[in-house]
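Participant: One structure is given below, represented as structure tokens, and several questions about it will come after.
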Amino acid sequence: MLMDLNEKIIALAKRRGFVFPGSEIYGGLANTYDFGPLGVALKNNLKREWWKRFVENRDDIYGIDGGILLNPKIWQASGHIESFTDPLVECKKCHKRFREDQLKDKSKCQECGGELTPPKMFNGMFKTFIGATENEGSLAYLRPETAQAIFVNFANILNSFSPDFPFGIAQIGKAFRNEITTGQFIFRTLEFEQMEIEYFIKPQEWEKAFEVWQAEMLNWAKSVGIKETNLKFREHSDKERSHYSKKTVDLEYNFPTGFKEIYGLAYRGDYDLSVHAKHSGQKLAYKDQRTGEEFIPHVIEPSFGVERSLLPILLDAYYEEGERVVLRLLPKLAPYKIAVFPLLANKEKLIEKAKEIYQNLKKDFVVIWDDRGNIGKRYFAQDEIGTPWCVTVDFQSLEDAAVTVRTRDTKEQERIGVDKLPEYFQNKLSQ
């Protein structure tokens, strides 16, 4: 049976060291995955691009790294303990549990066809305990979102940096949710990473700011190689919206199984700062130093999923040409930028020259050495992991100090002087 695109990506991800099933040698753990050498490199490149775009290249956004463990009073104040719940049903026959709101047929079990119990609400936050004893006083939670660490550091940013208004606070970090939906690869996992911004505005400016950030969200997706033809925005209905949101839209991607959310954009009003000011007794207001005006800002929240970026990136980069499989990753995201190898792996002089070039390029680029099999197999292997360029050292290289550079997407080859390689690749990566 032919594999669909999703199955091909899952197979490639494991075979080539992008993503491994979590705890695999012990039979696995549902909804968990480990990122291999290529996967973590791809993730880091993606996060680096996001940070550069939204923090380093802007004067109005400040970065933080908030804690995973926060005072449980924060979750009480934010409403998560009371409202962060989902309807759960259980099959009376096989005893598997499902989120009722994600079942296409709510009348029977999607696994065995058995009768389902009435839905019960369960809180999706992971509980833990701080200290030596497990009691109510030591109860804590793994954060289900990164946003609250931003809100509780709002006053710290004001005091340390006196930002002009409007401004934002950004962070990248892990969040944890007790998901019970399985079989969706890295789309829905127990632990995941968010790239999130809380952008503080005046209430009368929210519609314009929302429009600006909606465009920013789409432009970001396109900038990392996600095809616009596979994207669409969907606005939440009144019943769907979170308790804090006055308007929410999802940017959805057309997965092989249909459109699903990869990013979210919410207008949170002044809910978060107001409730934290009330519950903490601390003043969380912005004072304009020029006019003296003091007010509690409203918030626009663009939230980007890391894993939910990676999966569409891999799906849209995947290309087949006969037996040749290519990941057409953008060079800035590719785990390795350049592969270097000798034409023949048993010729000492070729190996020596190729190793010299490899070591020199490693000073400025992420480079991989490859001398496995014949030259054709090496090209195929590098194409499959998304390496944009391959450098081959042949016998002519020993005479003219030049190498053959092959481009992944076009298979075109050109002769480049060894001394010109750093400049050549710098120019390519800056395009």
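Participant: Could you check region 122-181 and list, in sequence order, the residues that are more than 29 Å from Phe210 (Cα to Cα), without any contact (Cβ under 8 Å) to a residue 24 or more places away in the chain and not in a loop (DSSP other than H, G, I, E, B)?
Facilitator: Lys127, Phe129, Glu136, Gly137, Ser138
Participant: For region 30-57, enumerate the residues that are free of Cβ contacts under 8 Å to residues at least 60 places away in the same chain and over 27 Å from Phe380 (Cβ atoms).
Facilitator: Arg48, Lys52, Glu56, Asn57
Participant: Next question. Residue under question is Gly386, and the condition is that it be at positive phi and modelled with pLDDT of 95 or more; does it hold?
Facilitator: It is true that Gly386 is at positive phi and modelled with pLDDT of 95 or more.
Participant: To continue, here is another question. Name, by its number, the condition in (1) farther than 26 Å from Gly225 by Cβ; (2) touching a Cys at 6+ places or on another chain (Cβ under 9 Å); (3) of a type in the set (Ser, Thr, Tyr) that does not hold for Tyr358.
Facilitator: The number of the failed condition is (2).
Participant: When the residues of region 325-347 are narrowed to those that are within 18 Å of Ala401 (Cβ to Cβ) and not β-branched (Val, Ile, Thr), which ends up surrounded by the fewest Cβ atoms within 10 Å (Cβ to Cβ)?
Facilitator: Lys347
Participant: Within the group Tyr271, Tyr244, which residue is under 22 Å from Met125 (Cα atoms), among the hydroxyl-bearing types (Ser, Thr, Tyr) and without any contact (Cβ under 8 Å) to a residue 40 or more places away in the chain?
Facilitator: Just a single option satisfies the conditions, and that option is Tyr271.
Participant: Which residues, counting only those in region 45-98, are basic (Lys, Arg), touching a helix residue (DSSP H, G or I) at 6+ places or on another chain (Cβ under 8 Å) and over 24 Å from Tyr271 (Cα atoms)?
Facilitator: If the condition is that a residue be basic (Lys, Arg), touching a helix residue (DSSP H, G or I) at 6+ places or on another chain (Cβ under 8 Å) and over 24 Å from Tyr271 (Cα atoms), then Arg53 is the only one that fits.
Participant: Got at least one residue in region 110-117 being more than 30 Å from Ala339 (Cα to Cα), of a type in the set (Gly, Ala, Ser) and free of Cβ contacts under 8 Å to residues at least 40 places away in the same chain?
Facilitator: yes
Participant: Follow-up question, since we're still on this one. Is region 29-50 home to any residue that is within 29 Å of Lys96 (Cα to Cα) and of a type in the set (Phe, Trp, Tyr)?
Facilitator: yes
Participant: Please verify whether Leu284 is in the same structural domain as Thr229 (by TED's automatic domain parsing), within 25 Å of Ser162 (Cβ to Cβ) and either touching a strand residue (DSSP E or B) at 6+ places or on another chain (Cβ under 8 Å) or not in a helix (DSSP H, G or I) (or both), treating the condition exactly as stated.
Facilitator: The answer is yes for Leu284.
Participant: Of the residues that sit in region 191-204 and are surrounded by fewer than 18 Cβ atoms within 10 Å (Cβ to Cβ) and in contact (Cβ under 8 Å) with a residue 60 or more places away in the chain, which one is nearest to the chain's Cα centre (by Cα)?
Facilitator: Of everything passing the filter in region 191-204, Glu191 is nearest to the chain's Cα centre (by Cα).
The values are calculated or read from the model by the stated rules, or taken from the named source; none is laboratory data. The structure presented is a predicted model; accordingly, all values stated were derived computationally and were not measured. Note: ideal-geometry Cβ built from the backbone for every residue, glycine included; neighbour counts use all protein chains shown.
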